[in-house]
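Below: one structure, written as structure tokens.
Just so it is clear, none of the values below were taken in a lab; they were calculated from the coordinates. Treat the numbers as computed from the prediction; the structure is a model and nothing was measured. In this analysis, Cβ positions are derived from the backbone assuming ideal geometry, glycine residues included, and neighbour counts consider all displayed protein chains.
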């Protein structure tokens, strides 16, 4: 019964799919001029990838892409945020081929820190690129036949809208929108930033002062530099735009949510005196709970990427030194194989380890994905000063003058609010000015498209190397009486194993199953060494051999002794992260 | 389905009784309701279990005013139903105190009781008479990808899961010399040779060499809390605080900042022997020792505890398993946190204890207690059965029924719950309490006023343990002074936070204010009492 449906569905989808392909080819022809390589000539969903989208626009994009490519795209809400916004996940796969929920999966999310906008655009670009190029690029066709992408453009939608629509600095709104009393006075969020000049950007305050240690950079009036030792300064800096709203002598000390959603995950979670930004327990926030539940209900996820900014890094775990014990040499080799290629694909990005090369993180998302779920996970820190002039910067974000120079030469002053006078109720006569909230951490428009493609390509490479299991050979031979020996070899033609070493050590995922159906199995064996006949007998349910792992680029062999000629038998390979494969036991 | 539910309810009163004489789940919830009613309120709930059961809280308090509160929690690990019965007994005992002493206690403090944090466990266990730790989540205990494929089985159909011994060369166990039905490990260092293999009653359904390793029983909530959570260990859950019961209790404690201390009736003990101070562990980034001052408080509480429970015999020492509630309550929630099993096997005549070679002291006490009380059903005589996994060997079912080690029949609990009621009353009496002196206003002329307020902690314990000062979301000692529009501070701020105030210590708040009119000062902390004072300048 079910088989008939599958056959019918495959046939039906196949035929409409053919139509769609012809139509796409035809439309492409109708475009005047010449298609640029790597980009769809006439995308069905017209997008401007040189801008940032709020959550309404993201929802619209999801709906449009699904409508344009119903056989490739399905989107769903996996839960609600604290303020009740939907958390959308796009499922991208060739729905006409195989059982999508059993294909090796690649998870991509962005924007967990809401001021780090571009993760969403890059995640959306990936979905868009896959759908729009499916008909013209055979590699993508094969990819979506084998794999499924789960793409969550933003997993912090409340705060994304807050960052976009309300006054913020480039660093604020890293958090979510659940209010907490941050200063212990029993009142919640009572001393916010104040957009004194009402331009939507929270910039810096400075005041003329004889003892101030700052002066204006003669090269660039937007820039404040520290006076040299022995040299008098002209200004003191008073922090970000704001007033003391609650009269406690502090400015902007109780802004909303000073927690960090990326410290709310279920691996090596620590309280906030150990790990600043943590809340009550891992999963205090509905947003992180929803993603965790998605991971537990999608055990096929075999690779993951969580986008952040800033700094040009391809990060892998662990977040804390004491978790180094969970990264075996073999697992690190897998990370290295992928990460080093990433460095090539993403000029200016360095492949590094969080706790060694960045800082210690307890209770972070990628540790949860990598260590609680055993998934090979990267987190790219998007945007780097390298991209400004395509060369390595000498200094860090705060000392560098490259941003000012880049603004002057390529953006023509668009990136800064020029200093202007303001009468402040507590500080008196001051000036306000500085970098706009969408500068420095987030890409300028014309750099966004390029980095979106490079990062999308890296996740596609990552997804491509999730396990692909293939039956390499089978053979059946009579061994006397009415008994037959069946041998099967299954191999994984990609880099990522079905189980990481860490997974094997802690039995995170069940073993892979290689099953013989439709034969009377007397016993079953794992063949560890074919040439010297080293085998392990499996006594419990021998028709379904349990294989602990199928390593990247390696094969496993199994053997059954069966009664009667198994010419009607089927061979099934069933792996949570490696997919489901079913084929008749071909007879020689 | 409907029929099975029907049968379940009809059979429950019969199936639910073991020799423990513990109430059925229905009787238990009814009793909680009755106690809540007696306490003057409706039973309220802190959330729902994984299986959808209400998690009740009984609030013994007078009036709606928030007062420093002691929270008693029981029934976290399903293997300890005695804690549940004890918590309800203590609640009843408190409510039955003489009216005036109860009124005196409740005028200053409140007692809240969550008697069954893990109702799924009690509901399942009491019906099946098999006492397992976890909630109703179906988990893969042996992580082999199959769910509950190898449960323990009642092979001899006597209604309980006991032990199974197989007489076989290479076995590690021998019979206890004084208690024949109890097996202990052979002492090879003394040349003793084992003759039995010992298993839980069951078969090896999945042929992995383990017996009854993957049956019912979900996540043990007392392994699922955040402090020292141990991933991938038995019954600890998919990650810390993965279970609704865990989250409900932590949320409840954060949402009610007046909770000053927690007392856990469970499988642990930091009262007989107080927490100790380890300077190195207390100084690391991840703190794993109570602070010196908090240890002083713990020592005082232990001295009170040992005095009031002296007639209960020697309590067993506890082993920490990680992910437990009691440690989490101190290290992550910032509460004075105490835990006791309430009851433990104890006998007056200890001359026989520890004589048999190989038996651990605790085991001997347990065996002696059973013998003294002639208790039936705790250690069963061995009975031969046929077992498919051991066709060539003699297999017998019998031995110890695990639940009795920590849970006696109901009637044995009374002495212990009376002593623990006394302890709860003493603990309440010693909790922090802030008392405010009348504020002193000194006019300095020209509408300038100095306000001084002195507050004293008249309790023995500090307003909250020192560790709470590190935890952002715990309410701190503070003073908030609200001015009129025409007034301003010449010295002092609207809001000032202070560290915890030790028992017997005092704190001075003062402000210099310019401008006439009334000011409103709120000071204190929820765990020791807050007061709002209006002053006219």
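What to note about this one:
- Solvent-free Debye calculation, one equal scatterer per alpha-carbon of the protein assembly as shown: log10 I(q)/I(0) at 0.07 Å⁻¹ equals -0.82.
- Pairwise FRET efficiency - residue B:447 versus residue B:376, Cβ, R0 = 56 Å, nearest 0.05: 0.10
- Sorted by Cβ density within 10 Å, fewest first, the residues A:503, A:401: A:401, A:503
- Alpha carbon centroid spacing (whole Å) that separates segment B:439-498 from segment B:269-317: 32 Å
- Shielding value for A:56-68 is 0, the average number of Cβ atoms from other chains within 10 Å of each residue's Cβ.
- Taken as Cα centroids, segment A:284-330 and segment B:33-83 sit 38 Å apart, rounded to the nearest whole angstrom.
- If R0 is taken as 35 Å, the Cβ-Cβ distance between residue B:508 and residue B:103 corresponds to a FRET efficiency of 0.60.
- Inter-centroid distance (Cα atoms) of segment B:202-224 relative to segment B:376-400, Å: 20 Å
- Cα convex hull of segment B:434-536, projected area averaged across orientations, nm²: 6.4 nm²
- Listed from fewest to most Cβ neighbours within 10 Å, the set A:91, B:417 follows the order A:91, B:417.
- Helix B:25-38 axis, angle to chain B major axis (alpha carbon atoms, nearest 10°): 20 degrees
- Degrees, to the nearest 10: B:2-15 long Cα axis against longest axis of chain B: 90 degrees
- The alpha carbons of chain A give a radius of gyration and a Dmax of 27.9, 104 Å, in that order.
- Helix A:286-297 and the long axis of chain A differ in direction by around 10°, with both axes built from C-alpha atoms.
- Fewest-first ranking of B:233, A:459, B:29, B:442, using other Cβ atoms within 10 Å as the exposure measure: B:442, B:233, B:29, A:459
- If both residues of a DSSP beta bridge must be in chain B, then about 80% of such bridges are antiparallel.
- Once C-alpha pairs closer than 8 Å and six or more residues apart are averaged by separation and normalised to the residue number of chain B, the relative contact order reads 15 percent.
- Relative contact order for segment B:436-537: 32 percent, from Cα pairs under 8 Å spaced at least 6 residues apart, divided by residue count.
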